[in-house]
Each structure stands twice: as structure tokens, then as C-alpha cells.
1. What are the pairs with Cβ atoms under 7 angstrom where one residue, in the range 2-17, is over 24 Å from residue 41 (Cα atoms) and the other, located anywhere, is of a type outside the set (A, V, I, L, M) and assigned to a helix (DSSP H, G or I)? Sequence gap at least six, or different chains.
2. When residues of the range 1-10 are filtered for being open to solvent by 50 Å² or more (accessible area, probe 1.4 Å) and assigned to a helix (DSSP H, G or I), how many remain?
3. Quick check: is even one residue across the range 19-31 of a type outside the set (Gly, Ala, Ser) and touching an Asp or Glu at 6+ places or on another chain (Cβ under 9 Å)?
4. Go through the range 14-40 and report how many residues are modelled with pLDDT under 90, within 16 Å of the chain's Cα centre (by Cα) and open to solvent by 60 Å² or more (accessible area, probe 1.4 Å).
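The values are calculated or read from the model by the stated rules, or taken from the named source; none is laboratory data. None of the values given here were measured: they were computed from a predicted structure. With ideal geometry, Cβ positions are generated from the backbone for all residues, glycine too; neighbour counts draw on all protein chains shown. When the accessible area is computed, the model is the full protein with side chains, heavy atoms only, and any ligands, DNA or RNA have been set aside. Shrake-Rupley method; radii C 1.70, N 1.55, O 1.52, S 1.80 Å.
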Amino acid sequence: MDNLVEMEGLAMQAANDMLGEDEQGFIGEQIKKFGADINDNSLFCDKLRSAN
């Protein structure tokens with residue numbers, strides 16, 4: 001859940017017209033990393049369920 005909250009906060013920052021393209025790109029990369037982490041955790045949980 002923390003990753004989703006962080007992603008929301010980053011999306012709000014990226015929507016700020018005061019940020020330049022570099023900053024928005026950096027935020028976009030952070031959001032992608034959080035998404036990948038969520039996917040990895042989901043796959044790990046699926047493997048645990050399958051093992052039981």
C-alpha cells in the first residue's frame with residue numbers, strides 16, 4: 001500500500017506545471033520502479049500461495 005501512496009504523491013508532483021521535463025522524467029522513472037516493485041511482490045505472493 002505504501003508504494004501506491006508514494007506513486008500518487010509522485011503523480012501529483014509531476015502534474016505541477018513548475019517542474020521541467022528532466023524533473024518530470026525522473027518522477028516518471030520513480031513511478032515505474034514502484035510499479036515494478038508491486039508486480040514483483042505480487043509474483044512472490046503467487047508463488048507462496050502455489051507452494052502451499
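1. 14/24; 14/28
2. To start, the set of residues in the range 1-10 that are open to solvent by 50 Å² or more (accessible area, probe 1.4 Å) comprises 1-2, 4-6, 8.
Next, from what is left, pick out any that are assigned to a helix (DSSP H, G or I): 2, 4-6, 8.
Number satisfying all stated conditions: 5.
3. First pass over the range 19-31, keeping only residues of a type outside the set (Gly, Ala, Ser): 19, 21-24, 26-27, 29-31.
If we keep only those that are touching an Asp or Glu at 6+ places or on another chain (Cβ under 9 Å) too, we end up with 30-31.
Checked against the condition, which is being of a type outside the set (Gly, Ala, Ser) and touching an Asp or Glu at 6+ places or on another chain (Cβ under 9 Å), the range 19-31 yields at least one hit.
4. The qualifying residues number 1.
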